[in-house]
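Heads up, the thing below is written out as structure tokens.
Coordinate-derived values only; no laboratory data. All of these numbers come straight from a predicted model, not from anything done at the bench. Backbone-built Cβ (ideal geometry, glycine too); neighbour counts: all protein chains shown.
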Amino acid sequence: MPDRNDSEPLYRQVYAHILEDLVSGVYKEGDLLPSEPQLQSIYSTSRITVRQAVSLLQEQGYVKKASGIGTIVVSTKRALQLDKIISFKEENRDKETNSKQISFSVHSPSPLIAGQLRIGKNVPVYDHERIRFVDGKPIGIQRVYVPEGLIILDEQLVSGPDFSLYETFQKKDIIVTDAIEEIEARNADERTANLLHLKKGAAILFLSRITFDQNRRPVEVAEIVYRADRYRYKVHLNNKDESNY
């Protein structure tokens, strides 16, 4: 239930509760959400708060309001955004998140990674891989490469429960400004399936990302796998050149 003593706005709390019900299967695609009066009763809050929460769910593509019918569930998968760069903790700020370290090493990069980071083949990189959890369930695997000269990392630091690479960058005045990300549909190999508690061959989303700082310098290459049964991508597109219309 919403906590009025919590600093998080009430509508965000209601939104988080409903979203958890969507993801956990309480509501399925095609179901109707309870009506506004019913949601008011369930969460002991005002109609305005309920409307704000439902509007946020609709904005993110989870539900759709249909005149004369009600609010229909159209997706129960969490949406991964593509319009801004945020950390894993920020992206899941309404959930309990943690990570489990798989490996950490410092070594010379492969030709591909060296090219993406624009460094020499003998310049060492930090290479760390971890499993990402949301509410205790494994949802992704992240492998990150960072040039050794940018920041100082060690296994104890990156394996900490509160470690954030982007926060570490900020402490060194490295401001992440933009990124190039490619997305592929793949099937889980045996290792990935075991780590994410999937069947071998299950659908996954594979992301390859190069992140740049304020000087247009590549500071990170990330290879990320997400469970396709738990996540979807949502992209906001626009046409700034309205002369084409």
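Listing for the model above:
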quantity	calculated
Inter-site label distance for residue 177 and residue 193 at 7 Å from Cα along Cβ, in nm	4.5 nm
Net length gained if the chain between residue 164 and residue 203 were fully extended (0.36 nm per residue, minus Cα distance)	11.3 nm
Point-to-point label distance, residue 20-residue 55, nm (Cα→Cβ direction, 7 Å offset)	2.5 nm
Spin-label model distance (nm) - residue 96 vs residue 36, 7 Å beyond Cα toward Cβ	3.4 nm
Column: log10 I(q)/I(0), Debye, Cα scatterers of the range 150-208, q = 0.14, 0.19, 0.27, 0.28 Å⁻¹	-0.66, -0.88, -0.97, -1.00
Candidate aspartates and glutamates - alpha carbon under 12 Å from residue 137, same-chain residues fewer than 8 apart omitted	96
Rh (Kirkwood; distinct C-alpha pairs) - the range 115-158, Å	12.2 Å
Extension gain from residue 28 to residue 106, taking 0.36 nm per residue of separation minus the Cα-Cα distance	23.6 nm
Potential lengthening between residue 137 and residue 229 on full extension [0.36 nm per residue; Cα-Cα distance subtracted]	31.9 nm
